[in-house]
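Enquirer: Input: one structure, supplied below.
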């Protein structure tokens, strides 16, 4: 499997050949490129620390050692948060006035994958322009290492999650005392990774009794017992646990806890696309303003936002693009339809933990059951398909051909090609994280959504 370099960092499968997989040599080379980019910023007189955290996958320890020692060899100090969440690392960077941060996680990818996700000094993902500079250092082998008397050191900080949770509890929207009065019963699936620590810690801090918290996995060894992407087909055990214990809610996250999915009290998926919609509903009810999601997210957020007489905006897929748009329009809430919540009042990063706290606050305040809350929102059906990418696939020709075919519709080309119809939409784009071409569609019914995907796939085949 080839290495994938994008605005999401560098990721690949562990083992194999140099430059074709995520090998120790590739890891060191890329960590050094990031270090050179940091040095190139010439922040004289500031902290010389870089924050590192990782998910629990088995390759994490060796990847950490390679990355940390590379940076130490370049003269940086490393603050190790250990096994933690992506949003926790994002919050730690500005908290410690660090130069940047690296999260060692392949997010929703299977266990054989790992990745380096790169943060700037704000604790936000590096921009496309910044990423290009890092890739320049990477491809040109421009790394320079420090003399013996200038080497850095590692310090351990395994408890920063507590700071993260305290900051969530300080938000005016989070109604801890009200949640506590409900004595909710909650099941969760932390997919044998960071969520196994983070979710119960947060729930207890919100006043959920320990005996009311039920765990699907009950371990944290990083060996995922199912595909780690929090999709319906992977969450049947969670749905069953909700039913078994008659829970009020089920919670699922991905391995690095930046994506969030709920299960209602009937053991049915709330819908990953509706995580953001429900949380945005709660925020807009208290703080009117603009909202943002990516081009592949449900139209339901647009419907909701306009019901509050506020403006809705779209961005290219990728957290960094959504954040850039949110800053431009001063959005009060945003994120991605894959269950990613971005609340600027906390930080500019997808954060499943703040999403949980906000959702529970809304549920408690509304006095509704989870299934009843879901019925508030416009119902859409989404279909997600893909085409495996090969070296000979004429991607640019395909995208141009489809845009031309639908030129009389509303066509957006900032990220692949998206065609908006009156009753739905379809979006075709190259993945940032996998060697695939994604095809997403949405319509009022599943059959209509499938038809849109099939139309696109037929046009792709006709182009070949």
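Enquirer: Out of curiosity, is residue 16 modelled with pLDDT of 90 or more and crowded, with 23+ Cβ neighbours inside 10 Å?
Expert: Spelling it out, it is not the case that residue 16 is modelled with pLDDT of 90 or more and crowded, with 23+ Cβ neighbours inside 10 Å.
Enquirer: Please find, within the range 220-248, the residue that is farthest from residue 339 (Cα to Cα) out of those that are more than 21 Å from the chain's Cα centre (by Cα) and not in a loop (DSSP other than H, G, I, E, B).
Expert: Restricting to residues being more than 21 Å from the chain's Cα centre (by Cα) and not in a loop (DSSP other than H, G, I, E, B), the top hit is 244.
Enquirer: Moving on. Within the range 79-111, can you find the residues that are part of a helix (DSSP H, G or I) and closer than 19 Å to residue 59 by Cα?
Expert: 86, 89
Enquirer: Please verify whether residue 282 is in contact (Cβ under 8 Å) with a residue 24 or more places away in the chain, in a helix (DSSP H, G or I) and either surrounded by 24 or more Cβ atoms within 10 Å (Cβ to Cβ) or not assigned by TED's automatic domain parsing to the domain that holds residue 326 (or both), treating the condition exactly as stated.
Expert: When the stated conditions are applied, residue 282 does not pass them.
Enquirer: Regarding the range 39-47, can at least one residue be identified that is buried (at least 17 other Cβ atoms within 10 Å of the Cβ) and touching a helix residue (DSSP H, G or I) at 6+ places or on another chain (Cβ under 9 Å)?
Expert: no
Enquirer: Another question about this same structure. Go through the range 249-266 and give me each residue that's surrounded by fewer than 24 Cβ atoms within 10 Å (Cβ to Cβ) and either part of a strand (DSSP E or B) or free of Cβ contacts under 8 Å to residues at least 40 places away in the same chain (or both).
Expert: Answer for the range 249-266, where residues must be surrounded by fewer than 24 Cβ atoms within 10 Å (Cβ to Cβ) and either part of a strand (DSSP E or B) or free of Cβ contacts under 8 Å to residues at least 40 places away in the same chain (or both): just 249.
Enquirer: Limited to the range 354-389, what total is found for residues that are assigned to a helix (DSSP H, G or I) and free of Cβ contacts under 8 Å to residues at least 24 places away in the same chain?
Expert: So the answer is 2.
Enquirer: Also: In this structure, does residue 171 turn out to be outside any loop (DSSP other than H, G, I, E, B) and either more than 19 Å from the chain's Cα centre (by Cα) or within 30 Å of residue 39 (Cα to Cα) (or both)?
Expert: no
Enquirer: Let me ask you something else. Taking the range 377-409 only, how many residues are over 14 Å from residue 436 (Cβ atoms) and surrounded by fewer than 15 Cβ atoms within 10 Å (Cβ to Cβ)?
Expert: 10
Enquirer: Given 152, 53, 123, 131, which one is in a strand (DSSP E or B) and either surrounded by fewer than 24 Cβ atoms within 10 Å (Cβ to Cβ) or outside the structural domain of residue 258 (by TED's automatic domain parsing) (or both)?
Expert: So the residue among 152, 53, 123, 131 that is in a strand (DSSP E or B) and either surrounded by fewer than 24 Cβ atoms within 10 Å (Cβ to Cβ) or outside the structural domain of residue 258 (by TED's automatic domain parsing) (or both) is 53.
Enquirer: To continue, here is another question. Kindly list the number of the only condition in (1) buried (at least 20 other Cβ atoms within 10 Å of the Cβ); (2) more than 20 Å from residue 375 (Cβ to Cβ) that fails for residue 310.
Expert: Failing condition for residue 310: (1).
Enquirer: May I ask you to list pairs of residues, at least six apart or on different chains, whose Cβ atoms are under 7 Å apart, with the first in the range 177-206 being assigned by TED's automatic domain parsing to the domain that holds residue 261 and under 11 Å from residue 161 (Cβ atoms) and the second being at pLDDT below 95 and assigned to a loop (DSSP other than H, G, I, E, B)?
Expert: Final answer for the pair search is 197/220.
Enquirer: Step by step: first the residues of the range 88-114, then only those that are out of contact with any helix residue (DSSP H, G or I) (no Cβ under 9 Å at 6 or more places or on another chain) and within 19 Å of residue 33 (Cβ to Cβ), then the one that is surrounded by the fewest Cβ atoms within 10 Å (Cβ to Cβ). Which residue is that?
Expert: The selected residue is 93.
Enquirer: Here's another thing I want to ask about it. Answer yes if at least one residue in the range 335-344 is touching a strand residue (DSSP E or B) at 6+ places or on another chain (Cβ under 6 Å), surrounded by 14 or more Cβ atoms within 10 Å (Cβ to Cβ), in a loop (DSSP other than H, G, I, E, B) and outside the structural domain of residue 213 (by TED's automatic domain parsing), and no otherwise.
Expert: no
Enquirer: Being outside the structural domain of residue 170 (by TED's automatic domain parsing), in a strand (DSSP E or B) and in contact with a strand residue (DSSP E or B) (Cβ under 9 Å, 6 or more places away or on another chain): is that true of residue 420 here?
Expert: Criteria met by residue 420.
The values are calculated or read from the model by the stated rules, or taken from the named source; none is laboratory data. Everything numeric in this text was worked out from a predicted model, so none of it was measured. Methodologically, a virtual Cβ is constructed for each residue, glycine included, from the backbone with ideal geometry; neighbour enumeration extends over all protein chains shown.
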